[in-house]
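Novice: Can you read through this structure? Questions will come right after.
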Amino acid sequence: LRCQAAPLPRSCHGWQASTKSGSLSYILPCNRLPVQLMSQVRVYTSNGQKKNLGSEDANGSNPEETQRKVGTGQDTSNAGQKQSFLKEPIQVKVKAVLKKREYGPKYTQNNFITGVRAINEFCLKSSDLDQLRKIKRRSPHDDTETFTVYLRADVEAKSLEVWGSPEALARERKRRKEAEIKYRENLFRNQRLLREYKEFFGNTKPRSSAAAMFFKGPGKVVMVAICINGLNFFFKLLAWVYTGSASMFSEAIHSLADTCNQALLALGISQSARTPDPSHPYGFTNMRYIASLISGVGIFMMGAGLSWYHGIMGLLHPHPIESLLWAYCILAGSLVSEGATLLVAINEIRRSARAKGLSFYQYVVQSRDPSTNVVLLEDAAAVLSVAVAATCMSLTSLTGNPYYDSVGSLGVGTLLGTVSAFLIYTNTEALLGRSIQPEQLQRLTELLESDPVVRAIHDVKATDMGMSKVRFKAEVDFDGRVVTRSYLEKQDIEQLLQEIQQVKTLEELEAFMLKHGENIIDTLGAEVDRLEKDLKQRNPDVRHVDLEIL
């Protein structure tokens, strides 16, 4: 461009100062192009009123003034376009948003507290709570519909009124804590004195429920096995002393191991009947599995180990065997007694399996009743070991070769080792918290998914806690529309509509939403309780249900 450009001021808009080279002048573009909008800005608030914001002149500036500010290099067409653009107002819509509330520690004073906690934690009496506001809330327990709670702020204020200051309340809490520790020490001392009194004068209390467990079911089977195996051990021990047979020694050790293990099972049954306490909220039912596991380890170490040892020593250092007539008689008596105990265990397992809808094999493999399973397997092994011992002793008496008797001892030890390995495996699986059967889990899942209030369930876990006790856990996606409709069905719709029509301000809207929002949350909690109750009623094995809300 060849032109004569007038020198521009330094604060130009859009163009830098001209540069002249000979007869050719350049006007360089500026990279800082400020845009000045002189327009009328209209701001609409939530109540629909308009507020005028803008430049000094509400009508905007004319094209001539705009041209003078921009410079002489702009034409009149750009000024006309800018004039039409500046006449259009900018409309800004302001959204009404409720101010976010910061919840501090004081807001927790609105929490509810039960009467028991108020008395224990704030050192109050029951008469002190009579003057406070009582609120009925939905009970988390199955045996009660509602229960009474108190506002924590009221309880704290009442405690300060009773004790005068927080320091006095802290001193009283410390004093009660020391008194509780002293009471526990005295209780332990009194229990020890009571045991000494019972040992000296005898126990005159009526038979407890734990003792009654040994007269029916698995307890009866265990007690019968203890008596029979104890007698078998005594007579087999006499036969071994008389004959010196390795197989008879293995049988005596086998009976001793069975007696000790079944005594351990009896201890596990009595301990499993203990009521739950704060340290063990789910009870002591696993004591049966622990006792059965220790029993399996005892069979392996005492029964199989000693039988293998005696058999190997017989092979290395054989010695002649005396008359085996008495040994045969004792083995015949053991076969009859062990067979009788085996029949008792079989009948008990059949009855229990029929009640659970399982086959005999499934009931044994799943270790539904560990105590009865141990008796069953031990007696089955005892019957087979008697047959093995009798066979090997007969071969020894016919051939005069003592090696057959030692081989019989090794065979009995191998049989006991197999039984102990099975018991250790099944009881370890039960203690690890295995899942229930897929069919049963599918029934529980379908029951939840068929309910209208449930939209979906995720992360389903059902753990067998032992002794026909199942713990069920699932994350439930509830349908909020169904929950809200369930709440509305219990409300007076016309009165609710009138409340809605009376809402005019944000404060009234907030109070309305808080009131009904809390009630809807209570309705959701009631739906959770209903689902848990349905699961327990339709599946008696389900004792603990944990439903988490997504």
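Novice: If you plug each phi of the range 122-128 into the Karplus form 6.51 cos²θ - 1.76 cosθ + 1.60 with θ = phi - 60°, what whole-Hz ³J(HN,Hα) values come out, in order, with x for Gly and Pro?
Specialist: Per-residue couplings from phi come out as 10, 6, 10, 9, 5, 5, 5 Hz.
Novice: Same structure again: To the nearest 20 Debye, how big is the dipole of the range 213-432 about its Cα centre, given +1 on the beta carbon of each Lys and Arg and -1 on that of each Asp and Glu?
Specialist: Dipole magnitude for the range 213-432 comes out near 680 debye.
Novice: Something else about it: If amide H atoms are built 1.01 Å from N in the plane of the peptide, which residues on other chains or at least 5 residues away come under 5 Å of the amide H of R455?
Specialist: D477, F478, D479
Novice: Compute the Cα gyration tensor for the range 438-549, then decide on rounded, prolate or oblate, letting a ≥ b ≥ c be the square roots of its eigenvalues: rounded whenever a/c is under 1.5, prolate when a/b is larger than b/c in the other cases, and oblate in all that remain.
Specialist: prolate
Novice: To continue, here is another question. Order the peptides 370-383, 469-482, 155-168 from the highest to the lowest mean number of other Cβ atoms within 10 Å of their residues.
Specialist: Descending packing order for the listed peptides: 370-383, 469-482, 155-168.
Novice: Can you tell me the FRET efficiency between R350 and E167 if r is taken as the Cβ-Cβ distance and R0 is 41 Å, rounded to the nearest 0.05?
Specialist: 0.05
Novice: When a/c is below 1.5 the answer is rounded, else prolate if a/b is larger than b/c, else oblate, so apply that to the range 113-187 with a ≥ b ≥ c taken from the square roots of the Cα gyration tensor eigenvalues.
Specialist: Judged from the Cα gyration tensor, the range 113-187 comes out oblate (a/c at least 1.5, b/c at or above a/b).
A short reminder: the numbers here are calculations on the coordinates, not readings from a lab. Model, not experiment: these values are computed from the prediction. Virtual Cβ from ideal backbone geometry, glycine too; neighbours counted across all protein chains shown.
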